[in-house]
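Remarks on the structure that follows.
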Amino acid sequence: MIDGALGGSVNQEYLLQARQMQAMSFMVHIPLVCFGIAFPAMVLFVEGLWLRTGDPLYKLLAKRWSKAMVLLFAVGVVTGTILSFEMGLLWPEFMATFGDVFGLAFGVEGFSFFIEAIFIAIYVYGWDRLPPRVHLAAGVPMVIAGITGSFMVIAVNGWMNQPTGFRIQGGDVVDIHPWRALLNDNFWHEFVHMYLAGFIVAGFLVAGVYAFGWLKGRRERHQRVALVVALTVAALAAPAQLLVGDWAARTVAVNQPVKLAAFEGLKDTTKGAPFSVAGGIEIPDLLSLLAFHDPSATVKGLNIVPPEDRPPVGLVKFSFRTMVVIGSALAALGAWFLLTWWRRFRLPASRWFYRAVVAAGPLSFVALIAGWVTTEVGRQPWVVYEVMRTDEAVTGAGGIPVGFVALGLVYAGLVVIAAVMLRRLGRQPFHAS
């Protein structure tokens, strides 16, 4: 039970910059999380094809992808470490007040990181040094560790959106139950949503690289195999994401009605609420149907809370629609591929398909960021929903703009280094992988 909000606002003139600094770090790190979730499984799948068929092409492809996996993991180590420090430096009141609630999750996440690092090293170094089946088995822990690490971080975010597992008594957080807090009702749809997003982003970004080569006339067999594997991963996940999105929206409608109202910009509580589409056209009852599977259901509007407790509607509404539109387009592109492959056992012939796949990589990243903007900005002005406000959690220290610029330069350097290394890897002859 939560008896009320905590604390008071910190005198911090750089609140906006602190939020932007955290957002920048998150935007750089989250695609790497997607590869941490999905890419090890993709690499193991290709290696499994080699063990099953004996075709050396699959082994060469798995070895090449494993090199990219190591590079992306190394960059993720840097960005993840920065994020960890930012949590304490930028939001000390949040960490000090609620650290006992979610500290277990960060401990498990750290343990998962070390396990993943160890087994990635064994996996990459073990090529041609370990028996083939032992080598494949050595890759399983890195897949599991990637899942458990993201599992715990997303559990904390779910808790921030639905705080439970503690009480506030006399301004202190007491009666803490970490597992009850982490395994909250809001967590489950967030975890599945992010897990599918990992496969969509990793799948379409990898497929986009090979689709670009395909358009340039590189039609070798390994190009085709890599394209089919990556596209299959993304194409299977994208339609499933639409179903999970429906689950997420219904959960938000119950637990965070103000956020749902911000999705649509619904000012007043409405029975049979409409949903607006392109051009300002409204479809009667559709929002009620989507949120509660009942066209006559009542949807709470922004008017249920005072203006100071409402999120910035314009940004939330735009990001939500961006996520939905791109997600639907990616699902349609995946269906195009799957239908063609099922009927003719080949890739689509149209060059427009490959152009769309090239665009799908960055668009999947945009949808990912838009989804997290929807989740995080839609919770504002609360860092812990209806318990602690964001301006109560922020640091009172100065120098945030300097740190913002310095961090931007660090991230720019990391992006350049990663791009150069991946490009160099891509230019290596395939037989040399």
Consider only pairs whose beta carbons are under 8 Å apart and that are at least six residues apart or on different chains; among these, list those whose first residue lies in the stretch 179-205 and is under 20 Å from TRP65 (Cβ atoms) and whose second residue is surrounded by fewer than 20 Cβ atoms within 10 Å (Cβ to Cβ) and of a type in the set (Ser, Thr, Tyr). GLY203/THR232
Output the residue which, of all residues in the stretch 239-274 that are out of contact with any helix residue (DSSP H, G or I) (no Cβ under 7 Å at 6 or more places or on another chain) and not in a helix (DSSP H, G or I), is least open to solvent (accessible area, probe 1.4 Å). THR270
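So which residues in the stretch 275-289 are over 20 Å from VAL244 (Cα atoms) and either in contact (Cβ under 8 Å) with a residue 12 or more places away in the chain or not in a helix (DSSP H, G or I) (or both)? Let's see the steps before the verdict.
The first filter runs over the stretch 275-289 and keeps only residues over 20 Å from VAL244 (Cα atoms), leaving 276-285.
Matches in the stretch 275-289: SER276, VAL277, ILE281, GLU282, ILE283, PRO284, ASP285.
In this structure, does ILE37 turn out to be in contact with a Ser or Thr (Cβ under 7 Å, 6 or more places away or on another chain), touching a residue at least 60 places away in the same chain (Cβ under 8 Å) and open to solvent by less than 20 Å² (accessible area, probe 1.4 Å)?
Working: in contact with a Ser or Thr (Cβ under 7 Å, 6 or more places away or on another chain): yes; touching a residue at least 60 places away in the same chain (Cβ under 8 Å): yes; open to solvent by less than 20 Å² (accessible area, probe 1.4 Å): yes.
Yes: the conditions hold for ILE37.
Residues checked against (1) touching a helix residue (DSSP H, G or I) at 6+ places or on another chain (Cβ under 7 Å); (2) in a helix (DSSP H, G or I); (3) modelled with pLDDT of 90 or more:
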{"residue": "GLU376", "(1), (2), (3)": "no, yes, yes"}
{"residue": "GLU386", "(1), (2), (3)": "no, no, no"}
{"residue": "VAL402", "(1), (2), (3)": "no, yes, no"}
{"residue": "VAL405", "(1), (2), (3)": "no, yes, no"}
{"residue": "VAL410", "(1), (2), (3)": "no, yes, yes"}
{"residue": "LEU414", "(1), (2), (3)": "yes, yes, yes"}
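Run down VAL70, VAL46, VAL77, VAL28 and say which single residue is closer than 23 Å to ALA117 by Cα, open to solvent by less than 60 Å² (accessible area, probe 1.4 Å) and either at pLDDT below 90 or in contact with a strand residue (DSSP E or B) (Cβ under 7 Å, 6 or more places away or on another chain) (or both).
Details: VAL70 fails: either at pLDDT below 90 or in contact with a strand residue (DSSP E or B) (Cβ under 7 Å, 6 or more places away or on another chain) (or both); VAL46 fails: either at pLDDT below 90 or in contact with a strand residue (DSSP E or B) (Cβ under 7 Å, 6 or more places away or on another chain) (or both); VAL28 fails: either at pLDDT below 90 or in contact with a strand residue (DSSP E or B) (Cβ under 7 Å, 6 or more places away or on another chain) (or both).
It is VAL77.
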Could you please find all residues in the stretch 49-67 being buried (at least 17 other Cβ atoms within 10 Å of the Cβ) and either in contact with a Cys (Cβ under 8 Å, 6 or more places away or on another chain) or hydrophobic (A, V, I, L, M, F, W, C) (or both)? LEU49, TRP50, LEU57, LEU60, LEU61, ALA62, TRP65
Every residue from the stretch 290-301 that is over 27 Å from the mean Cα position of the chain (by Cα) and in a helix (DSSP H, G or I): none
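The values are calculated or read from the model by the stated rules, or taken from the named source; none is laboratory data. Here the structure is a predicted model, which means the values were calculated and not measured. Note that each Cβ is placed from the backbone with ideal geometry, even for glycine, and that neighbours are counted across all protein chains shown. Note: areas computed on protein heavy atoms with side chains; ligands, DNA, RNA excluded. Shrake-Rupley method; radii C 1.70, N 1.55, O 1.52, S 1.80 Å.
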